[in-house]
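First the structure, in the form of C-alpha cells, and then the observations on it.
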Amino acid sequence: MVTPSSPVNLLGYQQARLARLELAVAALSLSMLLLVSLGAWYVWHGLPVYYIPPGGPGVAQPGQIPHALAMEYASRWLTTRYTFTPATVKTAHAAILQALHPSLTVAFTAQAEREAALVKEVQLSTQVAITTATVTHRTAQAVTVRLAGTRSIWIGGQQVRDEPLQADITVVPWVASGQPVGLVVSRVTITPALSASGQ
C-alpha cells in the first residue's frame, strides 16, 4: 500500500496536476487563437453596418439600405431643400450641402448662391409637401427614390402658386476611414426648377 507521503504518490499527484495544467493551457490557447482570428477577420472584412429604417418592424441586412430608410431620407432631403424663407435659405442650403456627395457640392454651391440672391431679391419663400415616395431602382450600394409632391411658393408674403414637384434622388452610403458612416445623396433630378414667376 502507498501512503500519501510516499515519493511515488507525490510523483503521481504532480503528474495529475501537470495534465490538468496542460489541458487548461491548451483550452486558453485555443480560445485566444479563436479571438485573434475573429479580430483579424473583422479587420480584413470590416464590421457589418446596419442601416435601420425609421419605425416599424423588419429585417435589416448588413450593408443594404432598406427601402423605407431610403424613402424617408430622400423625403427629408427634398423637404429641407425646398422649405425655406429669406431668413432661413442659407441654413437650408448648409444642411443640404452636408448631405450631398462631394461630386455634387461644387455645382450645388454655385446654384445655391444664385438661388439665395433670387430669394433675397424677390423675398421668395417655399414649402414642400411630399405625397408619394417609391423606390424605382436599386443596386448593391445605391437606391433611387422617386418623390412626388406639391411645392408652395410665396413672393413678398403673398402665395403665388402651388406647383406639382417630382424628384428622383439616389441615396448611397457615405464611407469615411474605410467604414460606412451614413447616407448621402449622389444624384438629383428635380422638375420643375425653382423660379420666381407667378404662373
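Observations, loosely collected:
- Checking the stated criteria, Ala148 turns out not to satisfy the condition of being of a type outside the set (Ser, Thr, Tyr) and assigned to a helix (DSSP H, G or I).
- Taking the criterion of being under 11 Å from Val185 (Cβ atoms), surrounded by fewer than 16 Cβ atoms within 10 Å (Cβ to Cβ) and not hydrophobic (A, V, I, L, M, F, W, C), the only residue of the stretch 76-97 that qualifies is Arg76.
- The residues listed here are Ile169, Ile96; of these, the one that is assigned to a strand (DSSP E or B) and either aliphatic (A, V, I, L, M) or farther than 18 Å from Met71 by Cα (or both) is Ile169.
- Set side by side, the residues Leu124, Leu100 differ, and just one is surrounded by 13 or more Cβ atoms within 10 Å (Cβ to Cβ), under 17 Å from Glu72 (Cα atoms), touching a strand residue (DSSP E or B) at 6+ places or on another chain (Cβ under 7 Å) and in contact (Cβ under 8 Å) with a residue 40 or more places away in the chain, which is Leu100.
- The residues on offer are Ala112, Ala133, Ala116, and the sole one that is crowded, with 16+ Cβ neighbours inside 10 Å and either at pLDDT 95 or above or part of a strand (DSSP E or B) (or both) is Ala133.
The values are calculated or read from the model by the stated rules, or taken from the named source; none is laboratory data. All values derive from a computational prediction rather than experimental measurement. So basically every Cβ, Gly included, is an ideal-geometry build from the backbone, and we count neighbours across all protein chains shown.
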